[in-house]
Structures are given as C-alpha cells and as structure tokens.
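This report concerns only the one structure given below.
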C-alpha cells in the first residue's frame with residue numbers, strides 16, 4: 001500500500017518555521033505599539049499638567065528673581081558681581097519663559113488621562129498586529145499601512161472604538177491583505193519581513209527608552225510612587241514654589 005502523505009520539502013519546512021517566527025514578531029510589535037501609544041498619552045497628559053501647575057510657577061519665580069537681581073545691581077552699579085548675577089537671572093527667566101511657551105490655564109488641563117477600555121486596547125492591538133508598516137515589504141503598501149496605522153493611533157487617542165473596527169474591517173476586505181503564492185518567493189518575503197519586524201521592534205523600544213529616560217517621565221514615575229503613599233507630588237512642589245514666590249515678592253517690596 002502506497003503512503004500518499006505529502007512530505008514537506010526543506011523550503012516548505014523552513015517557510016513554516018519562518019511564518020511561525022513572523023507570527024510571534026507580529027504579536028510583539030502589536031504589544032509594543034500599544035505600550036507606546038499608552039505611554040505617549042500618559043506623557044502628554046502629565047506634560048500638560050506640569051506646564052500648567054509647575055512650569056508656570058518656575059517661570060514666575062525666575063522672573064521675580066531676575067527683577068530682584070536687577071534692582072540690586074541698579075542700587076550698586078559698580079558691583080560686577082551684582083551685574084553678572086542680574087544678567088544670569090534675566091537669561092534664566094527668558095529661557096524658562098521660552099521653554100514653557102503658551103502653557104494652558106489650570107482649569108483647562110485634564111487632571112488625568114482618559115481611561116482606555118479593555119475592548120479599545122484589544123482592538124488597537126489587533127489593528128497594530130494586522131497593519132503594522134514594519135511587516136510590509138512593498139513600498140506602496142508600506143505607505144498605505146503607515147497611513148492606516150496613523151488613523152488607528154488617532155482613533156485610539158480619541159477613544160473611538162468604532163473607527164478602529166472600521167479600519168480593521170476595511171483592511172480585511174482589501175486585496176492588499178491577500179498573500180502571494182509560491183514557496184520560494186514566500187520564503188524570501190517572510191525572511192525579509194522578519195528583518196523588518198525586528199527593526200520595527202528596535203525602533204519602538206528606542207522611542208520608549210527616550211521617553212522613559214526623560215526628566216519629565218522620571219518625575220511622572222515619582223508622582224505615581226507618591227500616589228501609593230496617598231501623596232500628591234505635584235501639589236507638594238506647587239506649594240513649595242508658592243512659598244518661594246511669596247518670599248521673593250516680599251524681598252522686592254523691601255528693595256523697592
């Protein structure tokens with residue numbers, strides 16, 4: 001009796017292994033893309049609150065200190081030390097003002113980032129797994145994926161589940177999602193897709209690393225730790241700055 005079972009050729013076996021690797025990389029990319037989206041949201045929200053509550057106070061404190069230094073220099077114009085201090089204080093005040101730009105008013109700032117539901121996160125992750133541009137080799141299709149991922153990111157930021165679902169359904173119905181045929185060609189495309197996916201993972205990890213190593217993010221983490229102790233770190237910093245501002249204002253009244 002003849003054994004009619006098909007024996008996989010080496011190329012097919014290798015393709016199966018590579019396809020399994022791609023599937024794992026797709027999952028990792030989707031997870032990282034979701035983590036990056038959430039991290040950017042938290043960073044942006046915290047930055048808004050920092051600008052409105054903390055940075056504007058630093059700017060006011062630096063402005064008052066510059067004013068005080070200038071008054072002291074005017075009172076003793078022969079003192080090079082006071083003149084240098086006045087120049088440094090003015091430069092610092094101008095730099096702080098430039099850094100914060102147009103900070104929003106306290107009452108317009110959201111005190112916490114919008115909550116993202118589990119279903120929204122799941123949909124976004126599925127969209128990232130299917131559409132991630134780092135999984136595409138063809139330049140034209142890669143650009144299309146980039147646009148769709150941008151739309152998915154915008155929808156995630158807005159908390160719009162319906163739009164993400166539409167994007168997924170549109171892609172599934174698109175001929176661009178159909179895979180090619182031929183073991184040899186598929187194997188080459190899959191190997192290149194693996195290389196691109198790994199580059200994409202490295203890119204996201206670098207971006208996450210840039211955010212996590214920033215001073216603002218470190219302050220965000222300290223704030224989260226303080227919350228576990230029932231403390232509001234930003235409120236504490238705000239109170240300390242208000243005391244310093246009041247103190248400098250008193251000195252200004254005395255010098256004037």
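Here is a check on your reading of the model: is residue 187 more than 30 Å from residue 9 (Cβ to Cβ), surrounded by 11 or more Cβ atoms within 10 Å (Cβ to Cβ), touching a helix residue (DSSP H, G or I) at 6+ places or on another chain (Cβ under 6 Å) and modelled with pLDDT under 95? Before the answer, list the steps.
Working: more than 30 Å from residue 9 (Cβ to Cβ): no; surrounded by 11 or more Cβ atoms within 10 Å (Cβ to Cβ): yes; touching a helix residue (DSSP H, G or I) at 6+ places or on another chain (Cβ under 6 Å): yes; modelled with pLDDT under 95: yes.
When the stated conditions are applied, residue 187 does not pass them.
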- Message: part of a helix (DSSP H, G or I), at pLDDT below 90 and surrounded by fewer than 20 Cβ atoms within 10 Å (Cβ to Cβ): which single residue out of 107, 146, 126, 151 fits that description?
- Response: 107
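Name the residue that is modelled with the lowest pLDDT, counting only residues in region 77-104 that are exposed (fewer than 11 other Cβ atoms within 10 Å of the Cβ) and assigned to a loop (DSSP other than H, G, I, E, B).
Of region 77-104, the ones exposed (fewer than 11 other Cβ atoms within 10 Å of the Cβ) are 77-78, 80-81, 98, 101-102.
When the remaining residues are screened for being assigned to a loop (DSSP other than H, G, I, E, B), the result is 77-78, 101-102.
Values: 77: 79, 78: 78, 101: 65, 102: 44.
Among residues in region 77-104 that are exposed (fewer than 11 other Cβ atoms within 10 Å of the Cβ) and assigned to a loop (DSSP other than H, G, I, E, B), the one modelled with the lowest pLDDT is 102.
Working only within region 70-90, note down all residues that are touching a helix residue (DSSP H, G or I) at 6+ places or on another chain (Cβ under 6 Å) and within 22 Å of residue 100 (Cα to Cα).
Quick first cut of region 70-90, residues touching a helix residue (DSSP H, G or I) at 6+ places or on another chain (Cβ under 6 Å) only: 70-73, 76, 82-83, 85-86, 89-90.
Scanning region 70-90 gives 86, 89, 90.
Quick check on this structure: which one of 161, 169, 227 is surrounded by 15 or more Cβ atoms within 10 Å (Cβ to Cβ) and farther than 15 Å from residue 136 by Cβ? Talk me through it step by step, then tell me what you get.
On the way: 169 fails: surrounded by 15 or more Cβ atoms within 10 Å (Cβ to Cβ); 227 fails: surrounded by 15 or more Cβ atoms within 10 Å (Cβ to Cβ).
It is 161.
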- Task: Sort through 235, 195 and tell me the only one that's surrounded by fewer than 15 Cβ atoms within 10 Å (Cβ to Cβ) and more than 29 Å from residue 44 (Cα to Cα).
- Result: 195
- Message: Conditions first: (1) more than 20 Å from the chain's Cα centre (by Cα); (2) exposed (fewer than 12 other Cβ atoms within 10 Å of the Cβ); (3) at pLDDT 85 or above. Residue 118 passes all but one, so which condition is the exception?
- Response: (1)
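Which one of 67, 13, 47 is assigned to a helix (DSSP H, G or I), more than 33 Å from the chain's Cα centre (by Cα), surrounded by 13 or more Cβ atoms within 10 Å (Cβ to Cβ) and at pLDDT 85 or above? First the steps, then the outcome.
Details: 13 fails: surrounded by 13 or more Cβ atoms within 10 Å (Cβ to Cβ); 47 fails: more than 33 Å from the chain's Cα centre (by Cα).
The match here is 67.
The values are calculated or read from the model by the stated rules, or taken from the named source; none is laboratory data. Computed from a predicted structure; not experimentally measured. Every residue, glycine among them, receives a Cβ derived from its backbone with ideal geometry; neighbour counts consider all protein chains shown.
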